[in-house]
């Protein structure tokens, strides 16, 4: 299966964005902190997500990114495709030249599996992921951790080291 970290990170970042859309534009550094994804990597992903019209950027103080449309209108297959990922279970990238330039015995099986996965991802929207109880539970944990980290950083700036 060819779903690499790029596709997984893009989906994770978009779920994070959808989870926090009520907070206004979200900075990539906030997503980076919550999801432990490199900021420079997120910048590359969001450039592609923006080109695909899945997100909009907001400049200036309090700027960041927001979904370009309702989370119910953004499907996981769209996100994966926007970052140049294609779910393909074949060894030949779907070209049917798997065995010395010819189709192998199991090409159709793997091709059908790829299509099933794509169809599945095309039927899952961000809104359905945001509504899942487990997703909400994880988001609360991540938000609490981020708040604790920010509190500790502020405290370390205000208090002498021996009082922390």
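Here are the numbers for this structure:
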item: Any hit, region 7-21, residues being farther than 24 Å from residue 69 by Cβ and either touching a helix residue (DSSP H, G or I) at 6+ places or on another chain (Cβ under 7 Å) or modelled with pLDDT under 95 (or both); result: no
item: Unique residue being at pLDDT below 80 and under 24 Å from residue 43 (Cα atoms) when the list is 163, 66, 146; result: 146
item: Residue 78 under 13 Å from the mean Cα position of the chain (by Cα) and surrounded by 14 or more Cβ atoms within 10 Å (Cβ to Cβ); result: yes
item: Meets criteria (closer than 30 Å to residue 44 by Cβ and either in contact with a strand residue (DSSP E or B) (Cβ under 6 Å, 6 or more places away or on another chain) or not assigned by TED's automatic domain parsing to the domain that holds residue 21 (or both)) for residue 95; result: no
item: Candidate set from region 22-34 (those that are closer than 20 Å to residue 74 by Cα and at pLDDT 95 or above); member that is surrounded by the most Cβ atoms within 10 Å (Cβ to Cβ); result: 31
item: Qualifying residues in region 94-126 (those that are surrounded by 12 or more Cβ atoms within 10 Å (Cβ to Cβ) and at positive phi) - the one modelled with the highest pLDDT; result: 96
item: Residue check, residue 86 within 20 Å of residue 13 (Cα to Cα), surrounded by 14 or more Cβ atoms within 10 Å (Cβ to Cβ) and either at pLDDT below 90 or in contact with a strand residue (DSSP E or B) (Cβ under 7 Å, 6 or more places away or on another chain) (or both); result: yes
item: Helices (runs of 4 or more DSSP H) contained entirely in region 1-115, each with at least 2 residues that are free of Cβ contacts under 8 Å to residues at least 12 places away in the same chain and closer than 24 Å to residue 136 by Cα; result: 5-19, 28-35
item: Filter result for residue 137 (part of a loop (DSSP other than H, G, I, E, B) and free of Cβ contacts under 8 Å to residues at least 12 places away in the same chain); result: no
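The values are calculated or read from the model by the stated rules, or taken from the named source; none is laboratory data. All values reported here derive from a predicted model rather than from experimental measurement. Please note: Cβ atoms are built from the backbone with ideal geometry, for glycine as well, and neighbour counts cover all protein chains shown.
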